[in-house]
Amino acid sequence: MTKYIFVTGGVTSSLGKGIIAASLAKLLQAKGFTVTIQKLDPYINIDPGTMNPYEHGECYVTEDGAETDLDLGHYERFLGTPTSRANNVTTGKIYQTVIEKERRGEYLGKTVQVIPHITDEIRRRIQLLEREGFNIIITEIGGTVGDIESLPYLEAIRQMQRDLGKPNCLVIHLTLIINLKSAGELKTKATQHSVKELQTSGIQPDILVCRTERPIDMDTRRKIAQFCNVEVRAVIEAMDADSIYQVPILMLHERLDSVVISKMSLPDKQEPNLKKWKSFLERIKNPSREVRIGLVGKYNELPDAYKSIYEAFIHAGAVHDCKVVVESVHSEQLERTDVARRLENLDAILVAPGFGDRGIKGKLEAIKYVRENNIPFFGICLGLQCAVVEFARNVLELKGANSTEMNPDAPHPVIHLMDEQKNVVNKGGTMRLGAYECKLKKDSKAIEAYEKKHIRERHRHRYEINSDYIEQLAKKGLKATGVNPESGLVEIMELENHPWFLGVQFHPEYKSTVENPHPLFIAFVKAALDYKVKKSLIHAKEVNVN
Ligand code: GLN
């Protein structure tokens, strides 16, 4: 029978429920269980696809084309198994389903209410994942206990606990132990209150994971256990960590996995196999070299907007025993500075995905600079589109070349709306989304990196490279090296006679995981390392000459 673990949060947001859920899942997976993680978000939007990154950070895309919460990215990066549409549910989706059902008359004249109709739909969505045969489903409830919006979710959990019985359902509450510096001690009152709040919904947490800046001594653990009505061994300390990837090891030391297994009466089959994970941690702890890569984007004050890109660099860096320092380069500020001076200390440039005109000029300037100076370049989605625009304007000398996203009347629409998008009116969930196949050309950097001909990558865009210009671009050296075999859409472009200049229409960052770093990120970091060596040799020569 499938076992259910629910993860709630108390005291404050941003305690890292997603990382705790992913870490526990990793440990259980390492012990031989099949595990998936699901996120329930209490907001009314159907999905975060239409939300501004300032509201929500990155929008993560699954293989099956769902636009989801960025926590799903953590789940995939930790577990190395793909999530799907079913792994992210919002209040918006729940209500939409219930209301559509009501319109079809399926409630047979009944009054439709939060209990039981909304809670039934929440339960159905949680249990949907059972079909895929997982041993354990971990469900993370977004928000903080005490939020009005979370109440139906807590009620659904209460009902499931009652119906499925104790060893089959477990509640982990993530809370904060406040380090009150003036008093010189850890304070547990906020935790007591948040557990009390949870209890008013009829839920007694089984395990408390306590975020803390300082180790929690035995006396404090006993106090928390007593006031919150949990066992002492179920008070788990979660110290701040240097890297999110250390958290599974911290949880292992706190025996979170063992406590969960014993409380759920699961067979404790084997020691967790974390060999690959630990060797990754070793490599990120003591890298022997370093590169600086500029991430050019308009949300650079907001690292969460590019979460998966930052993480993909950590994974790829580990492969080369190299720390990748990602320096954020604000594309709008670039418009007002000397680009060469701003970028000269960098070993490579990545131009980020994005929407709309803001910061485009800076992106184009950055691309011109790295193209002309043989500095490695990686363009993702809008980054590729900008590379095409820059090349069309400055190499093909097509005046006013642009994407029709930026100028609908561009004289040379080198990037234009995809045919399938032309009649689309609704904004939500209507882009070209999810995984599509791509066939790689011989003798390309792409095929060299992937070491195979056919790949599948995830997309999130409405615009594409205009096929009318592909020949002209290729003649001057910017060539399509990856194409969708069915639609013929260009998915990858590369510049000839440049050390590494590659743009992709898809989002490779979504598929990079700890144990399977992405081949393009691996190749790009290598190109940055090579460039750094070359740069220092040239510099040494110059010093000698002088
Ligand atoms: N705005 C561009 C498009 O819709 C690029 C999107 C992206 O970078 N994800 O095609």
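Bear in mind that the values in this text are calculations on the coordinates, not laboratory data. Computed from a predicted model, the values in this text were never measured in an experiment. A quick note on method: Cβ atoms are made from the backbone with ideal geometry, for glycine too, and the neighbour counts reach across all protein chains shown.
Expressed as a whole percent, the proportion of Cα-Cα pairs in region 219-276 lying more than 14 Å apart is 63%. Per-residue Cβ neighbour counts within 10 Å put Val326, Val525 in the sequence Val326, Val525, beginning with the fewest.
Distant-in-sequence amide contacts of Gln38, defined by a placed amide H-H separation under 5 Å and a gap of 5 or more residues or a different chain, comprise Ile138, Thr139, Glu140. Residues Met493, Met264, ranked from the fewest to the most other C-beta atoms within 10 Å, line up as Met264, Met493. Summarised in one figure, the compactness ratio Rg/Rh of region 1-115, Cα atoms and Kirkwood Rh, is 1.02.
P(r) tail, region 173-274: Cα-Cα pairs separated by more than 18 Å, 50% of all pairs. Its Cα gyration tensor gives the chain an equivalent ellipsoid. The semi-axes, each the square root of 5 times an eigenvalue, are 44, 29, 20 Å from largest down. A simple spin-label model places pseudo-atoms 7 Å from Cα toward Cβ; at Lys285 and Glu132 they are separated by 3.2 nm. Relative contact order, whole percent, for the chain stands at 15, derived from Cα pairs under 8 Å and 6 or more residues apart. Once the other residues with Cβ under 13 Å from the Cβ of Tyr4 are scored (Lys, Arg +1; Asp, Glu -1), what is the net sum? Spelling it out: positives minus negatives among the neighbours equals +3. The Cα center of region 103-178 and the Cα center of region 374-402 differ in position by 48 Å.
According to the Kirkwood relation over distinct C-alpha pairs, the hydrodynamic radius of region 433-483 is 12.2 Å. Once you have a ≥ b ≥ c as the square roots of the Cα gyration tensor eigenvalues for region 117-172, tell me rounded if a/c is under 1.5, and otherwise prolate or oblate according to whether a/b is larger than b/c. Prolate is the answer for region 117-172, as a/c is 1.5 or above and a/b outweighs b/c. Computed over the alpha-carbon atoms, region 28-80 gives an Rg to Rh ratio of 1.03, Rh here being the Kirkwood radius from the mean inverse distance.
When only Cα pairs below 8 angstrom with a gap of at least 6 residues are kept, region 18-173 shows a relative contact order of 29 percent. Computed from Cα atoms, the angle from the helix 307-319 axis to the main principal axis of the chain rounds to 80 degrees.
Treat the count of other C-beta atoms within 10 Å as a stand-in for reagent exposure and order Arg456, Arg123, Arg211, Arg336 from fewest to most.
On the way: Arg456 12, Arg123 17, Arg211 21, Arg336 9.
Ordered by Cβ neighbours within 10 Å, fewest first: Arg336, Arg456, Arg123, Arg211.
Helical content alone sets the calculated 222 nm signal of the chain at -11000 deg cm²/dmol, taking -39,500 (n - 2.57) per DSSP H segment of four or more residues and averaging over every residue.
A simple spin-label model places the labels of Gln333 and Glu185 4.5 nm from each other, with each point 7 Å out along Cα-to-Cβ.
Using alpha carbons only, the radius of gyration of region 422-546 set against its Kirkwood radius gives Rg/Rh = 1.08. Magnitude of the charge dipole for region 151-257, about its Cα centre and with charges confined to Cβ atoms of Lys, Arg (+1) and Asp, Glu (-1), is about 340 debye. Fully extending the segment from Lys541 to Lys441, taken as 0.36 nm per residue of separation minus the present Cα-Cα distance, adds 32.2 nm. Taking a straight Cα-Cα cut-off under 17 Å and skipping sequence neighbours fewer than 8 places away in the same chain, the lysines within cross-link reach of Lys476 are Lys368, Lys399. Between Val319 and Asp120, what's the calculated FRET efficiency when r is the beta-carbon distance and R0 is 41 Å? Round to 0.05. FRET efficiency, Val319 to Asp120: 0.30.
Between Ser467 and Arg255, full extension at 0.36 nm per residue minus the direct alpha carbon distance yields a gain of 70.6 nm.
Extension gain, Arg456 to Ser14: 0.36 nm times the residue separation minus the Cα-Cα distance gives 155.8 nm.
Counting only alpha carbon atoms, the long axis of helix 151-164 and the longest principal axis of the chain meet at about 60°.
Neighbours of Asn229 by Cβ distance under 11 Å: Lys/Arg scored +1, Asp/Glu scored -1, total -1.
The amide H of Cys381, built 1.01 Å from its N in the peptide plane, has Val504, Gln505, Phe506 as neighbours under 5 Å, considering only residues 5 or more places off or on other chains.
Relative to its residue count, region 478-533 spans a Cα convex hull of 85 Å³ per residue. A simple count of charges around Asn273, restricted to other residues whose Cβ falls under 13 Å of its Cβ and scoring Lys, Arg +1 and Asp, Glu -1, yields +3.
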